[in-house]
Amino acid sequence: MFEIALQDNGLELSIQGEVAYFNYFWLRDNCETSWDIVTQERTFDILSEADDLYPVSAEVDDDFLEVLWCDGHQSRYALQWLKRWHKGEKHGDLAVRTRKSWHGDHYASMARFNYTEVMLAASSVADWAEAMLDDGIALIQGMPNSEEALQSLCEKFGVVRPSFSGYAFDVYSKANPENLAYTSKALELHTDLPAEELAPGIQFLHCRTNDAEGGQSLFVDANAVANALKQQYPQYFTILSEYQVPFRYTTKHQDVRAKQPIIELDPNNGEVSGINFSQHLADIFDFPQRDMDLFYPAFRKFGKMLQDPTYLMTFRLNAGECIVFDNHRIAHGRASYMEGSGARHLRGCYVDRGELRSTYRVLRAQHPVVVCPPAWEQLDTDAPVLAQVS
Ligand SMILES: [Fe+2]
């Protein structure tokens, strides 16, 4: 037996012993006729409804709430569907996954994929995207030594996202370099382009040639370091997540500036969601001088923790490999290499994090993870179990 009470702005409905309230505008807005069947976009315009929208009648019939509106429109809602929304339950999202922290010894267990495999198998791209969401880094091996290979790989996640360097950039030693990356000098740990309002999300670095002596690649899971800082030095963590730090990049034709916190927090849950860290692109800090007494110890402690071998992963990137990492989570750098000892050429580009998450949602839904139950549970059936991935 269902009881319905029509009130001024909404109706109360008893569902399985619980009284659930639904706003009239919300109900009308989400009538199943509001959506275009093909595009799944809302075609109904709630702004065109009268201010005093109300139902003439509402009743439950065969597990559906049926509403007749004052303008004669009829809506039908499954009770099971309504039950989900009355407490304000958030949308589920396959791409919201728990980040797995890693330390300096991660190289041996770093997720690895083969170029040909990810070009041919969508399930492999789903696994790669999952590794990116969980670990923030993965290695693609077997890359062809061509200009196009990098773009083809990036497009498995989404469209290439240009930066002020263009659609792609080449890193090698050259005369009159516009930044340190184009020399053989060491590159301190950093994230790319915090001077841009929206710093690039996912970075791809395709090693085309590496015959040089030295030039080891350095990577750190900065989320792991930021969380350690939060535990050990909570006051430093607060400072680095609150102060808006000025970053700047200038050339003859560009003057790119943005203010970013060193540690980014997820507004939904307050957890660390990324970092912005680049001493090359940090502008003169413009806080009141007394605040420098607080800021510099925090900034220096965090920077030194990033360099700590406990967290720092060091390895040689070989020709034919492409390292792919979350530029907001993974700080990267390079040891110096000996000029003239051999050629070293990396080609890079970026894709937004939103593109990665979108690709993951689509591909993981199409290619769910199959988990085989333990042997003793297979006595009754040999069928694999589809894992709950939401
Ligand atoms: Fe970089």
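Would you confirm, using the coordinates I've provided, whether residue 108 is within 28 Å of residue 308 (Cβ to Cβ) and assigned to a helix (DSSP H, G or I)? For residue 108, the condition - within 28 Å of residue 308 (Cβ to Cβ) and assigned to a helix (DSSP H, G or I) - is met. Are any residues in region 36-64 part of a strand (DSSP E or B) and either farther than 20 Å from residue 7 by Cα or without any contact (Cβ under 8 Å) to a residue 12 or more places away in the chain (or both), and if so, which ones? Correct list: 42, 57, 61. For residue 345, the conditions (1) modelled with pLDDT of 95 or more; (2) over 24 Å from residue 226 (Cβ atoms); (3) within 16 Å of the ligand (Cβ to nearest atom) are fulfilled apart from (1). Where helices (runs of 4 or more DSSP H) fall wholly inside region 221-310, the ranges with 2 or more residues that are in contact with a Ser or Thr (Cβ under 9 Å, 6 or more places away or on another chain) and surrounded by 14 or more Cβ atoms within 10 Å (Cβ to Cβ) are 222-232. Residues in region 150-168: is at least one surrounded by 14 or more Cβ atoms within 10 Å (Cβ to Cβ), within 15 Å of the ligand (Cβ to nearest atom) and among the hydroxyl-bearing types (Ser, Thr, Tyr)? Yes, some residue in region 150-168 is surrounded by 14 or more Cβ atoms within 10 Å (Cβ to Cβ), within 15 Å of the ligand (Cβ to nearest atom) and among the hydroxyl-bearing types (Ser, Thr, Tyr). A search for C-beta distances below 6 Å between a residue of region 274-287 that is outside the structural domain of residue 301 (by TED's automatic domain parsing) and any residue that is in a loop (DSSP other than H, G, I, E, B) and surrounded by fewer than 14 Cβ atoms within 10 Å (Cβ to Cβ), counting only pairs 6+ apart in sequence or on different chains, returns nothing.
Being over 22 Å from residue 364 (Cα atoms) and touching a strand residue (DSSP E or B) at 6+ places or on another chain (Cβ under 8 Å) is the filter here; which residues of region 102-119 pass it? 102, 103, 104, 105, 106, 107, listed by residue number.
Is it the case that some residue within region 202-218 is closer than 28 Å to residue 139 by Cα, within 17 Å of the chain's Cα centre (by Cα) and of a type in the set (A, V, I, L, M)? For region 202-218, residues closer than 28 Å to residue 139 by Cα, within 17 Å of the chain's Cα centre (by Cα) and of a type in the set (A, V, I, L, M): present. Taking residue 57, is it at pLDDT 95 or above, assigned by TED's automatic domain parsing to the domain that holds residue 13 and of a type in the set (Ser, Thr, Tyr)? Criteria met by residue 57. Quick one: in region 189-221, of everything that is within 13 Å of the ligand (Cβ to nearest atom) and polar (S, T, N, Q), which residue is modelled with the lowest pLDDT? Across region 189-221, the extreme among qualifying residues is 217. Scanning region 17-33 for residues that are among the hydroxyl-bearing types (Ser, Thr, Tyr) and either surrounded by 15 or more Cβ atoms within 10 Å (Cβ to Cβ) or in contact with a Leu (Cβ under 8 Å, 6 or more places away or on another chain) (or both) yields 21, 24. If you go through region 338-347 and pick out every residue that is surrounded by fewer than 21 Cβ atoms within 10 Å (Cβ to Cβ) and either free of Cβ contacts under 8 Å to residues at least 60 places away in the same chain or touching a strand residue (DSSP E or B) at 6+ places or on another chain (Cβ under 8 Å) (or both), you end up with 6.
The values are calculated or read from the model by the stated rules, or taken from the named source; none is laboratory data. This is a predicted model, so every value here is computed, not measured. Neighbour counts are summed over all protein chains in view; Cβ atoms, including those assigned to glycine, are modelled from backbone coordinates with ideal geometry.
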